[in-house]
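Student: I'd like to ask some things about the structure below.
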Amino acid sequence: MTIPGSVAIIPARGGSRRIPRKNVVDFMGKPLIAWSIEAARASGRFETVLVSTDDAEIAEIARAHGAEVPFLRRVTGDDHSPVSLATVEALEQYAAWRGRPADLVMQLLPTCPLRSEQHVRDSLDAFLRGAADFLLSCTDYGPLNPWWAISIATDGTPRPLHPRAMTMRSQDLETVYCPSGAIWIARVPALLASRTFYGPGHRFWPMDWRAAVDIDTPEDLALARALAVGGM
């Protein structure tokens with residue numbers, strides 16, 4: 001069911017350093033950004049699925065896959081501005097375009113292609129059941145154990161970050177989580193006031209690490225492709 005006043009915003013810059021033209025690179029036969037657009041649209045929850053970009057080619061590809069791109073970014077197209085500010089700018093432009101502000105926003109990074117429409121629905125349901133103004137996805141560390149993290153000196157000497165945990169069995173250690181950029185949700189007035197999804201009282205929503213893979217490097221891209229081929 002569509003949520004009145006809701007918008008999904010997919011922020012997609014044209015520039016990228018480690019993977020040139022990352023947001024439109026081929027991923028399993030489609031531009032990378034198409035997967036996030038299709039997940040948002042297939043969820044059936046949003047009045048508008050909008051791509052915020054500074055790039056004409058990305059805008060054209062986004063429209064071809066069913067997203068709205070009624071305007072281009074004005075001031076947050078560099079690689080230094082936090083992505084939250086790009087979404088804040090898009091919400092301000094959206095209000096002028098629609099003639100009314102949005103009430104609820106979900107930010108979907110285009111670099112998380114394995115996040116499905118079911119993840120979108122389930123996270124929204126969790127958000128609407130709660131009282132917090134912000135909900136961010138997080139994930140466990142998959143096959144890695146962060147409790148056993150070490151730093152290594154130049155001579156090879158290790159320094160455990162959690163010395164006591166090094167002597168414990170993995171099954172006896174508390175599960176810890178890492179924030180994921182796959183899904184961030186906010187009530188729009190609260191986001192406009194705080195200008196970050198890490199606003200007052202924010203909460204986290206755990207999801208499987210495989211679905212939350214965020215492509216930033218060629219190695220990430222290879223991992224995401226392997227997971228997609230293997231059916232996760």
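Student: I need the strands (runs of 3 or more DSSP E) fully contained in the stretch 88-166, keeping only those with at least 3 residues that are touching a residue at least 12 places away in the same chain (Cβ under 8 Å) and out of contact with any Lys or Arg (no Cβ under 7 Å at 6 or more places or on another chain).
Tutor: 104-107, 134-139
Student: Can you name the residue in the stretch 199-215 that is in contact with a helix residue (DSSP H, G or I) (Cβ under 8 Å, 6 or more places away or on another chain) and in a loop (DSSP other than H, G, I, E, B) and is also surrounded by the fewest Cβ atoms within 10 Å (Cβ to Cβ) among such residues?
Tutor: It comes out as Pro200.
Student: Okay, next question. Can you go through Thr53, Thr87, Thr76 and tell me which one is closer than 21 Å to Asp214 by Cβ, surrounded by 17 or more Cβ atoms within 10 Å (Cβ to Cβ) and modelled with pLDDT under 95?
Tutor: Every option except Thr76 fails the conditions.
Student: Right, another one. Does Leu72 count as farther than 19 Å from Ser180 by Cα and of a type outside the set (Lys, Arg)?
Tutor: Yes.
Student: Could you check, for the stretch 6-21, whether at least one of its residues is in a helix (DSSP H, G or I), modelled with pLDDT of 95 or more, out of contact with any His (no Cβ under 9 Å at 6 or more places or on another chain) and not aliphatic (A, V, I, L, M)? Break it down stepwise before answering.
Tutor: Here is the first cut: in the stretch 6-21, the ones in a helix (DSSP H, G or I) are none.
Within the stretch 6-21, none of the residues are in a helix (DSSP H, G or I), modelled with pLDDT of 95 or more, out of contact with any His (no Cβ under 9 Å at 6 or more places or on another chain) and not aliphatic (A, V, I, L, M).
Student: Continuing with this model, one more query. From (1) surrounded by fewer than 20 Cβ atoms within 10 Å (Cβ to Cβ); (2) touching a strand residue (DSSP E or B) at 6+ places or on another chain (Cβ under 9 Å); (3) under 27 Å from Tyr198 (Cα atoms); (4) not hydrophobic (A, V, I, L, M, F, W, C), pick out the condition that doesn't hold for Ser81.
Tutor: (2)
Student: Could you please give the count of residues in the stretch 31-44 that are surrounded by fewer than 24 Cβ atoms within 10 Å (Cβ to Cβ), of a type outside the set (A, V, I, L, M, F, W, C) and not in a loop (DSSP other than H, G, I, E, B)?
Tutor: Looking only at that region, the number is 4.
Student: Can you tell me which of (1) within 26 Å of Ala224 (Cα to Cα); (2) exposed (fewer than 12 other Cβ atoms within 10 Å of the Cβ) is the one Ala153 doesn't meet?
Tutor: It fails just one condition, (1).
Student: Just name the residue that is surrounded by the fewest Cβ atoms within 10 Å (Cβ to Cβ) out of those in the stretch 90-101 that are of a type in the set (A, V, I, L, M) and over 19 Å from the mean Cα position of the chain (by Cα).
Tutor: Only one residue fits best here, namely Ala96.
Student: Among (1) buried (at least 20 other Cβ atoms within 10 Å of the Cβ); (2) over 21 Å from Ala228 (Cβ atoms); (3) modelled with pLDDT of 95 or more, there is one condition Glu47 misses while meeting the rest; what is its number?
Tutor: Every condition holds for Glu47 apart from (1).
The values are calculated or read from the model by the stated rules, or taken from the named source; none is laboratory data. Worth saying up front: this structure is predicted, and the values here are computed from it rather than measured. Cβ coordinates were reconstructed from backbone atoms using ideal geometry, including for glycine residues, and neighbour counts include every protein chain displayed.
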